[in-house]
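A short write-up of the structure that comes next.
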Amino acid sequence: MKIWKRNWTKEEAELWTKEDVIAALFVALSFVGIIIGTIYSFLLMPIGFITLALSVGIGILGILIIMPKMQSISREYEKKQAKYLEDLEKIARWEEIDG
């Protein structure tokens, strides 16, 4: 059983889902933990190093959850950009653009 979805279509990826909420919470928690962990690490307290390590791990997990969604959106925009550049090249050469 998968905890979060890994394969997205462009339409699915643009909707707000539980993966977005989970990733946002993990990354926000990670930022707070990194700040607290850094402060305690500068004071050479062991809890600071533990907090820092856990916070980095939680941040990486949040990124891993949201990355497949971002990659599917990115692929679609790359296709649109390639089409736009092709049309722009045709315009520059005074050729007709395909519908």
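The values are calculated or read from the model by the stated rules, or taken from the named source; none is laboratory data. A quick note: this is a predicted structure, and the numbers were derived from the prediction, not measured. When we count neighbours, we look across all protein chains shown, and the Cβ atoms used for this are built from the backbone with ideal geometry, even at glycine. Areas reflect the complete protein model, heavy atoms only, side chains present, ligands, DNA and RNA absent. Shrake-Rupley method; radii C 1.70, N 1.55, O 1.52, S 1.80 Å.
Out of the residues in region 54-78 that are over 16 Å from V27 (Cβ atoms) and among the small types (G, A, S), which is most open to solvent (accessible area, probe 1.4 Å)? Reasoning before the result, please.
Looking only at region 54-78, we keep the residues that are over 16 Å from V27 (Cβ atoms), and these are 71-78.
Subset that is among the small types (G, A, S): 72, 74.
On the way: S72: 5, S74: 50 Å².
Filtering region 54-78 for residues that are over 16 Å from V27 (Cβ atoms) and among the small types (G, A, S), the one most open to solvent (accessible area, probe 1.4 Å) comes out as S74.
Would you check which residues across region 1-53 are among the aromatic types (F, W, Y) and either modelled with pLDDT of 90 or more or open to solvent by 40 Å² or more (accessible area, probe 1.4 Å) (or both) and list them?
Of all residues in region 1-53, those among the aromatic types (F, W, Y) come to 4, 8, 16, 26, 31, 40, 42, 49.
Of everything in region 1-53, those that are among the aromatic types (F, W, Y) and either modelled with pLDDT of 90 or more or open to solvent by 40 Å² or more (accessible area, probe 1.4 Å) (or both) turn out to be W4, W16, F26, F31, Y40, F42, F49.
Residue check: Q81 meets all listed conditions (1) within 27 Å of W8 (Cβ to Cβ); (2) modelled with pLDDT of 95 or more; (3) open to solvent by 90 Å² or more (accessible area, probe 1.4 Å) but one, namely (2).
Return the only residue of I22, I36 being of a type in the set (A, V, I, L, M) and closer than 23 Å to N7 by Cα.
Details: I36 fails: closer than 23 Å to N7 by Cα.
From the options I22, I36, the qualifying one is I22.
Whenever a residue of region 1-27 is over 21 Å from R75 (Cβ atoms) and free of Cβ contacts under 8 Å to residues at least 60 places away in the same chain, its partners that are among the aliphatic types (A, V, I, L, M) and open to solvent by 50 Å² or more (accessible area, probe 1.4 Å), lying with C-beta atoms within less than 6 angstrom and at least six residues away or across chains, give the pairs F26/I58; F26/L61. Under 9 Å between Cβ atoms, which residue pairs at least 6 apart in sequence (or on different chains) link something in region 69-82 that is closer than 19 Å to W4 by Cα with a partner that is open to solvent by less than 60 Å² (accessible area, probe 1.4 Å) and of a type in the set (S, T, N, Q)? Every condition considered, the pairs that remain are K69/T17.
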